[in-house]
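Quick notes on the structure that follows.
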Amino acid sequence: MNEFKVLTRDSGNAVIMELHGFLDAHTAPDLEKTFSELMAKGKYNIVVNFNSLSYISSAGLGVFMAYIDEVRNNRGDIKLAGMQQKVFNVFDLLGFPFLYEIYKDQDEALKKFNNI
Amino acid sequence: MRLNFRNSLYFVAAGSIATLLLVYDWIRISINLEDPVLNGFRSLFTIAAFAFLYAAMRIFRTKKSAKPLEILRKLVAYGFFSAAIISTWGIMLENRGASSGNFMPSNIMQLLATTAFAFGIAAFVIFLLMTMSDIIYIKPDRKVRRRFELFIIFALAASFLSVFDGSSFLSVLRDIAFGVSVFIALLHIVSMNWIVFLTKKEKYKSLVHSFVLMVLFGYSYASIGPANLAGGVLGFYSPPMSEFAKIAFLFLTIYFSLAFIVTIFHIPTSGVFEKKKRELDSYQNLSKVITNVMDTSEVLNNTVAVVGAVTQANKVWIELRYEDDGTSTEEYRISATHRTSQYELSTFDFGEVRKAVRSEKRVIVQDADEFVKFNLKNFPAKSLLAVPLTAHDDYIGVLYAAHEMPYAFDDEEISTVSAFADTAAVAIQNSLLFTKSIENERLQHELRIAHEMQLKLLPTSLPSSDRFETDFLSFPAFEVGSDYIDCSRIDGRRYAFVVGDVSGKGTSAAFYMAYMKGVFQSLSASARSPLEFMMAANEAVGSTLQKNFFITLIYVMLDGETGEASVVRAGHTPGVLISPDGEAGEMNCRLIRPAGAGLGLEQSDDFGRHLGEEKFVLRHNDTLVLYTDGITDQRNPGGEDFGEQRFYDLLKELSDGSPTEIKGGIIRALAEFSQGTDAVDDTTVLILKWR
């Protein structure tokens, strides 16, 4: 039940990061690892697809905070897309819409990168 | 060794019979009476006399002393005295005109000397056999005991049969009994196990003693033969006793000839035997250490020292394996050394040996080519033995022993070291677990302190007045929590209530929570408005928190006179306002959710720009509830969340009651819902009711 999985694939000048399952204090390190790998490769245009993520805890939210400065300092961005209502509520409550661009689906987010 | 009444009686009986015999003998030699039947009866009387002597002498029987060499020394002393008496008495009698052959005392002096001699020899024979039984009963064994008893029985039988000298049939039987007793004496060769346990030095001593005893007893045996005067004297006085003494001396001669030979054969193996004994002792020491010592380094040091002593290896050391659970890497550390040092060993890489130990259980490197194969070309030893330390199927390290000679470890030694390694591994693991459990205990204790400290940071009660009433609940899910609840009085009529949640759990979150209390207590008094408070709090928190941490907060400023409330929210779960609606008595539920991001997420400018404020006035019977998501995230065994809606409905249902009643209702509902499912997050609820 608490399985968590991250899949990444390139799409144009951006990377799509697909999240599956539960993102909490236990699984957050997996996501951190994926982020730091992308940082190491110099990939800073990131779209996170939340379609298959069913739960996120505050520790999971923390991961996005940890990398946003580095990404933006390198003229990139983390754009969030395809959240289920429950997951969106968590982001919304915390005020993430002030900090991140949040889209209904990933193509919309990808378009933003490709337009630059 | 106290002469008691019974023993004195035996002595008196022996003495009386001896005196009667003396009188009879005097008559006998005076009238030259030689009747075989009478002589036979006389012999029976001598037997009775010697039997009483034996019974009386049993008092001299020593408490079994287990040291074979002590007994041998005693035997040498007795043997020397008896040999001396036999030779001197013979010479003495000869000088007084006695001749060998069919000896017959010719005067009263010779008769007295004969009697004294017979009893002297009898006493010595009894002494010797009693002492012999001590040596035979070392490491007793029923067979050995029976064999010795059998020997005594046949010897006694032979002596009884010599009472009636005339009959040729009886003398054949006597010779048979004699032969059997000698044969039994020879059988003792298989039971000289006392020799085995002697040290090498003791064996040499035993060799000398056995030789001396063999000569002394052989001489004694030969001297009491019928051809000698001493033999003639004994034969005259008591043929059975003469027979018994002969058998006894022959037995002793045979026994110590055999002991001499057996000792010679055991000398070459005594080195091995001593080594085995040393191993066994070390093993016992090690076992003692294992059961008594909980200090890991002591166990390790003892193990290498014991292995060093038993194998006489030049270098012995132990490497323990350390596993990092997080990165699943392993590391080996040299943990104990004997006749070598970490410094010396640190220049060599035992990686190949370790690999082989893991797959092959034990590794023996004995020649130069093999050392090259294991990447240990310049290792200062010519033999290396490595065995795994395995306890309860856990592989915890490697025990190494090195020797400067090639092919230094034989099978025996290898199996010894392996056995040591197995025993030591259990001890090492036990001590490691013990240390770990102490460490755990200490951490538990620290956590308990942290838990208590944190409880002190939470308020014991919140303010109430005649206009409003409050209550709250706050349970950490683990020892230390990340929820925060507090209140401060801003001035005469205004109060600040706050509920917050630090992201993440555990000790670091608990520290931030404590920090948050400091921020709240200092800022709430000086801030002119809730917005100003929140801005300042974001500033204070943002500069302190790690990037991936943040704090959510909801802050209510309440005018205690008018019920005017102003709420700001930094990413926290919304406040819930339950108000009676109209006359129908229905309850209306409204969420207080001004905009605002969590503290530490945004820089001041952005944070301030996004921050909203919500104002309202509390009316009669209004209930304002602040909470953290621990309550809505509570699961039941079916994996279902308690959820917002259920919580709001519950509040509506309970809102008729006082804050304390509402709190009770919430706790009951949670318990009923969770059915024992552990909370995953801290649970905090603040309830404020306007009268």
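The values are calculated or read from the model by the stated rules, or taken from the named source; none is laboratory data. It should be emphasised that the depicted structure is a prediction, and the values quoted were computed from it without experimental measurement. Ideal geometry is used to build each Cβ from the backbone, glycine not excepted, and the neighbour counts take in all protein chains shown. SASA here: full protein model, heavy atoms, side chains in, ligands and nucleic acids out. Shrake-Rupley method; radii C 1.70, N 1.55, O 1.52, S 1.80 Å.
Before we move on, is A:PHE98 more than 10 Å from chain B (Cβ to nearest Cβ), assigned to a helix (DSSP H, G or I), without any contact (Cβ under 8 Å) to a residue 60 or more places away in the chain and open to solvent by 20 Å² or more (accessible area, probe 1.4 Å)?
No: the conditions fail for A:PHE98.
Is the stretch A:51-68 home to any residue that is closer than 30 Å to B:ASN538 by Cα, touching a Ser or Thr at 6+ places or on another chain (Cβ under 9 Å) and either among the aromatic types (Phe, Trp, Tyr) or not in a helix (DSSP H, G or I) (or both)?
Scanning the stretch A:51-68, I find at least one residue that is closer than 30 Å to B:ASN538 by Cα, touching a Ser or Thr at 6+ places or on another chain (Cβ under 9 Å) and either among the aromatic types (Phe, Trp, Tyr) or not in a helix (DSSP H, G or I) (or both), so the answer is yes.
Consider only pairs whose beta carbons are under 6 Å apart and that are at least six residues apart or on different chains; among these, list those whose first residue lies in the stretch B:124-149 and is more than 23 Å from B:LYS246 (Cβ to Cβ) and whose second residue is among the aromatic types (Phe, Trp, Tyr) and assigned to a helix (DSSP H, G or I).
B:ILE138/B:TRP194
Just to verify a result, which residue in the stretch B:571-587, among those that are assigned to a strand (DSSP E or B) and touching a residue at least 40 places away in the same chain (Cβ under 8 Å), is farthest from the chain's Cα centre (by Cα)? Lay out the reasoning, then the answer.
Applying the first criterion (assigned to a strand (DSSP E or B)) to the stretch B:571-587 yields B:571, B:575-581, B:586-587.
Pick out the ones that are also touching a residue at least 40 places away in the same chain (Cβ under 8 Å) and you get B:575-580, B:587.
On the way: B:GLY575: 62, B:VAL576: 64, B:LEU577: 67, B:ILE578: 68, B:SER579: 71, B:PRO580: 73, B:MET587: 71 Å.
Among residues in the stretch B:571-587 that are assigned to a strand (DSSP E or B) and touching a residue at least 40 places away in the same chain (Cβ under 8 Å), the one farthest from the chain's Cα centre (by Cα) is B:PRO580.
Do we have any residue at all in the stretch B:38-51 that's under 29 Å from B:GLU202 (Cβ atoms) and part of a helix (DSSP H, G or I)?
Initial filter on the stretch B:38-51 (under 29 Å from B:GLU202 (Cβ atoms)): none.
No, the conditions are met nowhere in the stretch B:38-51.
Looking at the stretch B:672-690, which of its residues are open to solvent by 50 Å² or more (accessible area, probe 1.4 Å) and either more than 17 Å from A:ASP24 (Cβ to Cβ) or modelled with pLDDT of 90 or more (or both)?
Matches in the stretch B:672-690: B:GLU672, B:GLN675, B:GLY676.
Give the residue, chosen from B:ALA450, B:ALA424, that is open to solvent by less than 40 Å² (accessible area, probe 1.4 Å) and not assigned by TED's automatic domain parsing to the domain that holds B:ILE334.
Testing whether each residue is open to solvent by less than 40 Å² (accessible area, probe 1.4 Å) and not assigned by TED's automatic domain parsing to the domain that holds B:ILE334 leaves just B:ALA450.
So that you can scan it fast, the table gives a plain yes or no per residue for (1) at pLDDT below 90; (2) surrounded by fewer than 24 Cβ atoms within 10 Å (Cβ to Cβ); (3) touching a Pro at 6+ places or on another chain (Cβ under 7 Å):
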| position | (1), (2), (3) |
| --- | --- |
| B:ILE551 | no, no, no |
| B:SER566 | no, yes, yes |
| B:SER579 | no, yes, no |
| B:PRO594 | no, yes, no |
| B:GLN603 | yes, yes, no |
| B:GLY612 | no, yes, yes |
| B:ASN621 | no, yes, yes |
| B:ARG635 | yes, yes, no |
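Taking interchain pairs and intrachain pairs at least six residues apart, which have beta carbon atoms under 9 angstrom, with the first residue in the stretch A:46-74 and more than 9 Å from chain B (Cβ to nearest Cβ) and polar (S, T, N, Q) and the second part of a helix (DSSP H, G or I) and surrounded by 22 or more Cβ atoms within 10 Å (Cβ to Cβ)?
Note: pairs meeting the criteria are A:ASN49/A:GLN106; A:ASN49/A:ALA109; A:ASN51/A:GLN106.
Can you pull out the residues in the stretch B:624-675 that are under 51 Å from the mean Cα position of the chain (by Cα) and small (Gly, Ala, Ser)?
B:GLY630, B:GLY638, B:GLY639, B:ALA671, B:SER674, listed by residue number.
Scan the stretch A:35-49 residue by residue and report those that are open to solvent by less than 20 Å² (accessible area, probe 1.4 Å) and of a type in the set (S, T, N, Q). It would help to see each step written out before you state the result.
Quick first cut of the stretch A:35-49, residues open to solvent by less than 20 Å² (accessible area, probe 1.4 Å) only: A:35, A:38-39, A:46-49.
Result: A:ASN49, single match.
Would you be able to tell me the number of residues in the stretch B:349-358 that are open to solvent by 90 Å² or more (accessible area, probe 1.4 Å) and within 18 Å of B:VAL417 (Cα to Cα)?
So the answer is 1.
Kindly provide the set of residues from the stretch A:30-45 that are within 14 Å of chain B (Cβ to nearest Cβ) and basic (Lys, Arg), ordered by number. Spell out how you get there, then give the answer.
Of all residues in the stretch A:30-45, those within 14 Å of chain B (Cβ to nearest Cβ) come to A:30-33, A:35-36, A:39.
Once the filter is applied, which keeps residues that are within 14 Å of chain B (Cβ to nearest Cβ) and basic (Lys, Arg), the stretch A:30-45 yields only A:LYS33.
Need the failing condition index for B:ILE247 against (1) closer than 23 Å to B:VAL172 by Cβ; (2) out of contact with any Ser or Thr (no Cβ under 9 Å at 6 or more places or on another chain), just the number.
Unmet condition: (2).
Could you give every pair whose Cβ atoms fall below 6 Å, whose first residue belongs to the stretch B:550-566 and is more than 11 Å from every other protein chain (Cβ to nearest Cβ), and whose second residue is among the polar types (S, T, N, Q) and in a loop (DSSP other than H, G, I, E, B), counting only separations of at least 6 or pairs across chains?
B:GLY560/B:SER465
Which residue is nearest to B:GLU539 (Cα to Cα), if the candidates are limited to the stretch B:572-630 and must be more than 14 Å from chain A (Cβ to nearest Cβ) and of a type in the set (Asp, Glu)?
B:GLU613
Give all pairs with beta carbons closer than 7 Å in which a residue from the stretch B:447-471 that is under 15 Å from B:SER482 (Cα atoms) meets a residue that is hydroxyl-bearing (Ser, Thr, Tyr) and buried (at least 16 other Cβ atoms within 10 Å of the Cβ); count only pairs at least 6 apart in sequence or on separate chains.
B:LEU458/B:SER474
Could you tell me whether the stretch B:408-416 includes any residue that is in a helix (DSSP H, G or I), open to solvent by less than 80 Å² (accessible area, probe 1.4 Å) and of a type in the set (Asp, Glu)?
yes
For the stretch B:196-232, give me each residue that is among the β-branched types (Val, Ile, Thr) and out of contact with any Asp or Glu (no Cβ under 9 Å at 6 or more places or on another chain).
Within the stretch B:196-232, the subset among the β-branched types (Val, Ile, Thr) is B:196, B:199, B:208, B:212, B:215, B:224.
Result: B:VAL196, B:VAL208, B:VAL212, B:VAL215, B:ILE224.
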